[in-house]
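Input: a single structure, listed below in structure tokens.
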Amino acid sequence: MKTKKCSKRLLMYEIRNVIGNPFIAFFGTVFPVMMLMIITFALKKEVPASMLKESNTSVFITMSLIIPMAVILLGHSANYSQELEKEIPVRMQLFGFSTNSIMTAKIIAQTVTLTAALILYTVFSYAAVDLQVPSLSSALCLVLCLYVLGIFFFLFAHGLSNIIKKFGPTYTICMFFYFGIMMLCGMMGIRTEQLPKSLKTLASFIPMSYIGNDFIDFWQGGSYNFGPMIQAFLFFGALCGLLMIYANYKNRRIIK
């Protein structure tokens with residue numbers, strides 16, 4: 001009974017810790033909606049009325065990619081790196097919380113926050129902007145991709161935090177990564193195909209570039225070649241996984 005009570009308190013602590021982060025509140029909810037409204041407003045003057053709904057939907061899909069990056073990449077790196085810098089995990093272990101229970105609580109808290117942010121973004125977007133209604137398979141595919149990206153970003157943020165163990169440099173690298181992905185994957189108003197050849201090649205290794213530029217092709221049930229996107233997912237996931245493995249190796253305890 002005591003263990004169960006502690007687990008519930010730990011989970012509530014982690015959820016409050018995530019929700020209370022101002023970076024998550026702004027970049028995870030306000031920023032994607034703000035970008036959606038700005039870009040779709042500009043499209044009214046540039047796109048024919050017959051293509052406006054499709055163009056708005058393409059922007060909606062692209063801006064949804066900001067949410068897992070902001071909530072998990074920026075949010076978890078900020079929170080966890082500060083905890084490591086202040087040695088909070090060590091103190092929590094002294095109070096009887098195991099490493100596994102702490103990790104589980106963090107993952108659940110991040111999942112709950114990501115889900116809430118995606119729901120708020122979707123509801124507001126469909127209420128404020130004229131968007132296409134997707135087929136069920138397309139909607140599920142996008143949701144699956146966003147959660148898989150969330151896993152990758154968690155591995156990246158957690159691994160990097162464990163390697164550096166200081167808030168300043170960890171968050172600087174994650175912000176550079178965040179805005180770099182936004183630029184390469186068409187989230188800054190410039191589409192990937194408009195980039196120089198070297199940057200387009202770099203973007204081809206990032207799965208978000210395929211989601212932001214190509215998902216509109218099968219949003220209402222059309223066909224799509226998933227091969228390049230799956231390869232990018234495998235590469236990106238391997239990169240994040242290797243970072244996590246290296247962090248665990250670097251922080252291993254050597255028993256003599």
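The values are calculated or read from the model by the stated rules, or taken from the named source; none is laboratory data. This structure is a prediction, so every number in the text was calculated from the model and none was measured. Cβ coordinates were reconstructed from backbone atoms using ideal geometry, including for glycine residues, and neighbour counts include every protein chain displayed. When the accessible area is computed, the model is the full protein with side chains, heavy atoms only, and any ligands, DNA or RNA have been set aside. Shrake-Rupley method; radii C 1.70, N 1.55, O 1.52, S 1.80 Å.
List of remarks:
- Mean separation of Cα contacts under 8 Å, 6 or more apart, over the residue count of the chain: relative contact order %: 26
- Computed from Cα positions, the angle between helix 2-19 and the longest principal axis of the chain comes to roughly 40 degrees.
- When you restrict to C-alpha pairs under 8 Å that are six or more residues apart and normalise by the size of the range 30-136, the relative contact order lands at 45 percent.
- Placing +1 on the Cβ of every Lys and Arg and -1 on the Cβ of every Asp and Glu, with nothing else charged, gives the range 2-105 a dipole about its Cα centre of roughly 540 debye.
- Volume per residue for the range 115-245 equals 134 cubic angstrom (convex hull of Cα atoms).
- Angle in degrees between helix 167-184 and the longest Cα principal axis of the chain, rounded to the nearest 10: 20
- Helical content of the chain, expressed as a calculated mean residue ellipticity at 222 nm, amounts to -24000 deg cm²/dmol (DSSP H runs of 4 or more residues, -39,500 (n - 2.57) each, divided by residue number, nearest 500).
- Shape of the range 72-112, Cα gyration tensor, a/c cut at 1.5: oblate
- Computed from Cα atoms, the angle from the helix 75-85 axis to the main principal axis of the chain rounds to 20 degrees.
- Gap separating the Cα centres of the range 128-164 and the range 213-255, nearest whole Å: 11
- Semi-axes of the equivalent ellipsoid of the range 1-106 are 41, 13, 9 Å, computed as sqrt(5λ) over the eigenvalues of the C-alpha gyration tensor in descending order.
- Largest mean-square fluctuation among Ile39, Ile66, Ile206, in a Gaussian network model of the chain whose springs join Cα atoms under 10 Å apart, belongs to Ile39.
- Looking at the chain, the accessible area is 53 square angstrom per residue; that uses a 1.4 Å probe and ignores ligands, DNA and RNA.
- Cα shape, the range 58-188, gyration tensor, a/c 1.5 rule: prolate
- Surface share of carbon and sulfur [accessible, 1.4 angstrom probe, percent] for the range 149-216: 73
- In a DSSP loop and with at most 13 other Cβ atoms within 10 Å, the chymotrypsin sites (Phe, Trp or Tyr not before Pro) in the range 63-104 are Phe95.
- Measuring between alpha carbons in the structure, the pairs from Lys166/Lys250; Lys106/Lys166; Lys44/Lys200 lying more than 25 angstrom apart are Lys44/Lys200.
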